[in-house]
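Enquirer: Sharing a structure here in structure tokens format.
The values are calculated or read from the model by the stated rules, or taken from the named source; none is laboratory data. All of these numbers come straight from a predicted model, not from anything done at the bench. All Cβ positions, glycine included, derive from the backbone under ideal geometry; neighbour counts span all protein chains shown.
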Amino acid sequence: MDNPYLPYPVRIERIVTETEDRNLKTFRFVFLNEGDEEKFAYTPGQFAELSVAGKGEIPIGIASSPTEKGFVSFTVNKVGVVTTHLHNMKEGDVMGIRGPLGNCYPWERMEGSNIVIIGGGFAFTTLRSSIIYMLDPENRDKFKDISVVYGARGPGLLLYRDELAAWEKRDDINMHITVDRTEDPDWKYNVGFVPAVTEQKITSAENAIAIVCGPPIMIKFTQPVLEKLGFPPENIILSLENRMKCGIGMCGRCNLGDQFVCKDGPVFTLAQLKTMPPEY
Ligand SMILES: Cc1cc2nc3c(=O)[nH]c(=O)nc-3n(C[C@H](O)[C@H](O)[C@H](O)COP(=O)(O)OP(=O)(O)OC[C@H]3O[C@@H](n4cnc5c(N)ncnc54)[C@H](O)[C@@H]3O)c2cc1C
Ligand code: FES
């Protein structure tokens, strides 16, 4: 077995600045060694440790979909030491990726269901991976209706704006994009917080599974909306972002009760979380 602490060497192929405040960038990496892309076989919902030489490693959700070949991408918010170094790197620079790590969204269980995706802020990354995966012609028939509620504080803080516009035009996905506030007279989507828009736009929990990713405050207020709509806790799927170090269940940095968020998670059902200590 390969050493799980050794990153795969990758080259930064492309960097896209996503938001007007320039704090969110998407990094597209290509593997340097033949065969490493196949070894890094991942499923939407998983994450990886991005390794910047001499600076450290950070856990980041995988934003690309396994249906997109030849690269893997991550969207990174600049908050501290390693993320700032990453933001200062240039296309062509070489670094490392360790993974894929953690579990994924429960794809087998989701087949045949209506899927409700609810995201807020930059936590939309693994949801972008999931949407691309479900819309792939090989996969679209496996899922019934796909509805997405995605919000940011303002229009300039939405991720993947070209893709959002393209999904808006499709008739096999129901998009409900929202911002907390805007003074843009040309804004043509919703204005309001994600939980409120979810309550307005998602009308049925029948045969539906909801995946929710976002800041803790959004999750806190979205959870009761989904429960009121009739989603049972086992059909509400959440992804956690606890502090992590090793990412493979060895260091004990991330545990929640007897679960390691890095290895048993980061994806849990609300039913599972209700049995765990309340600090999630
Ligand atoms: C499974 C998982 C998936 C993630 N996916 C993404 C992603 O797709 N995009 C993204 O931008 N970030 C993601 N994060 C968060 C990311 O790992 C942290 O922002 C990053 O580790 C900060 O590193 P730093 O060295 O720049 O910050 P530091 O210098 O270590 O800290 C800077 C600030 O960030 C806070 N911070 C550090 N780590 C975390 C954390 N894990 N959660 C909350 N606050 C933290 C610190 O308290 C401090 O205020 C994810 C985290 C996990 C566990
Ligand atoms: S990060 Fe080490 S056990 Fe989870």
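Enquirer: From the list VAL212, VAL261, VAL267, VAL197, which one is buried (at least 19 other Cβ atoms within 10 Å of the Cβ) and away from ligand 1 (no atom under 16 Å from the Cβ)? Let's see the steps before the verdict.
Expert: Details: VAL212 fails: away from ligand 1 (no atom under 16 Å from the Cβ); VAL261 fails: away from ligand 1 (no atom under 16 Å from the Cβ); VAL267 fails: away from ligand 1 (no atom under 16 Å from the Cβ).
Going through VAL212, VAL261, VAL267, VAL197 in turn, just one is buried (at least 19 other Cβ atoms within 10 Å of the Cβ) and away from ligand 1 (no atom under 16 Å from the Cβ): VAL197.
Enquirer: Restricting the first residue to the stretch 152-164 and requiring it to be in contact (Cβ under 8 Å) with a residue 40 or more places away in the chain, which pairs with a second residue that is of a type in the set (Asp, Glu) meet a Cβ separation below 6 Å and a spacing of at least six or different chains?
Expert: Note: pairs meeting the criteria are GLY156/GLU20; LEU159/GLU18.
Enquirer: Now a separate question. Does the stretch 15-39 hold any residues that are farther than 15 Å from VAL52 by Cβ, of a type in the set (Lys, Arg) and touching a Ser or Thr at 6+ places or on another chain (Cβ under 8 Å), and which are they?
Expert: ARG28
Enquirer: Do we find that PHE124 is outside the structural domain of PRO44 (by TED's automatic domain parsing) and either in contact (Cβ under 8 Å) with a residue 12 or more places away in the chain or small (Gly, Ala, Ser) (or both) in this structure?
Expert: Numbers: outside the structural domain of PRO44 (by TED's automatic domain parsing): yes; either in contact (Cβ under 8 Å) with a residue 12 or more places away in the chain or small (Gly, Ala, Ser) (or both): yes.
Here the answer is yes, as PHE124 does meet what is asked.
Enquirer: So, one more: Quickly run through the stretch 163-186 and pick out the residues that are outside any helix (DSSP H, G or I), exposed (fewer than 15 other Cβ atoms within 10 Å of the Cβ) and not charged (D, E, K, R). Show your work before the answer.
Expert: Residues of the stretch 163-186 that are outside any helix (DSSP H, G or I), as a first pass: 170-186.
Remaining after also requiring exposed (fewer than 15 other Cβ atoms within 10 Å of the Cβ): 170-172, 180-181, 183-186.
Listed by number, the list holds a single entry, PRO185.
Enquirer: Right, something else. Find the strands (runs of 3 or more DSSP E) located wholly in the stretch 9-119 whose residues include 3 or more that are among the polar types (S, T, N, Q), and list them.
Expert: Because the criterion is at least 3 residues that are among the polar types (S, T, N, Q), the strands (runs of 3 or more DSSP E) in the stretch 9-119 that meet it are 72-77.
Enquirer: Inspect the stretch 200-214 for any residue being at pLDDT below 95, under 26 Å from GLU241 (Cβ atoms) and either of a type in the set (Phe, Trp, Tyr) or touching a helix residue (DSSP H, G or I) at 6+ places or on another chain (Cβ under 8 Å) (or both) and give the result as yes or no.
Expert: Checked the stretch 200-214: at least one residue is at pLDDT below 95, under 26 Å from GLU241 (Cβ atoms) and either of a type in the set (Phe, Trp, Tyr) or touching a helix residue (DSSP H, G or I) at 6+ places or on another chain (Cβ under 8 Å) (or both).
Enquirer: Considering only the stretch 12-32, state which residues are surrounded by fewer than 19 Cβ atoms within 10 Å (Cβ to Cβ) and farther than 21 Å from LYS78 by Cβ.
Expert: VAL30, LEU32
Enquirer: Can you give me the number of residues within the stretch 226-258 that are crowded, with 17+ Cβ neighbours inside 10 Å and away from ligand 2 (no atom under 16 Å from the Cβ)?
Expert: Total meeting the criteria: 7.
Enquirer: Going residue by residue through the stretch 87-95, is there one that turns out to be within 16 Å of ligand 2 (Cβ to nearest atom) and more than 15 Å from LEU127 (Cβ to Cβ)? Write out each step before concluding.
Expert: Step one: filter the stretch 87-95 for residues within 16 Å of ligand 2 (Cβ to nearest atom), giving none.
No; the residues of the stretch 87-95 include none that is within 16 Å of ligand 2 (Cβ to nearest atom) and more than 15 Å from LEU127 (Cβ to Cβ).
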